[in-house]
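This report concerns only the one structure given below.
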Amino acid sequence: MGEALAPLLRPRDAVVLTGELGAGKTVFVQGVARGLGIDEPVVSPTFTLIKEYSGRLDVAHVDVYRLDRVQDVVDLGLDELGEGEDVLLVEWGDAVEALLPPDRLRVELTGEDPTGATDVRRLVVEGVGETWSERWPAVTDAFAPWAVVA
């Protein structure tokens, strides 16, 4: 699904990824990277906090799991990455949403499946702001192969 989202991304987009440990946040980012033509291995930046990649669009993959204070996030200078042009993919981003651009895509990943299957992931996607409102039909089209309307 990350790869399906990649063609819709623009410079300065922010994607907030939430979910429990092991829910698939980094795997989603790997799909986005693949869709943006990034060939190098994409790994979780849990200990480095930020990893940057170059492709059709440059990506800043951020993990705020280990940060204890809001000031720690402010100190990262997310708005300055790639001279402010990077696509931000923020794992555990729900903890810092107030510090992210007002227009953002929120992707919540869970292992919850009403059928009881253990190998199924559930994604709840929400577009916030005018730019995502404009792109929402394209987002729903991109995710249509996997979509289940509740």
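The values are calculated or read from the model by the stated rules, or taken from the named source; none is laboratory data. The model shown is predicted, which means the values in this text are computed figures rather than measured ones. The protein model used for the area step is the full one, side chains on, heavy atoms only, and it has no ligands, DNA or RNA in it. Shrake-Rupley method; radii C 1.70, N 1.55, O 1.52, S 1.80 Å.
Ranking 121, 34, 135 from most to least accessible surface, computed with a 1.4 Å probe over the protein chains only, gives 34, 121, 135. For segment 7-50, with all protein chains in place and a probe radius of 1.4 Å, 57% of the accessible heavy-atom surface sits on carbon or sulfur.
Sorted by accessible area with a 1.4 angstrom probe, largest first, how do 65, 53 fall?
Heavy-atom accessible area, descending, gives 65, 53.
These residues, 51, 25, go from largest to smallest accessible area, 1.4 Å probe, as 51, 25.
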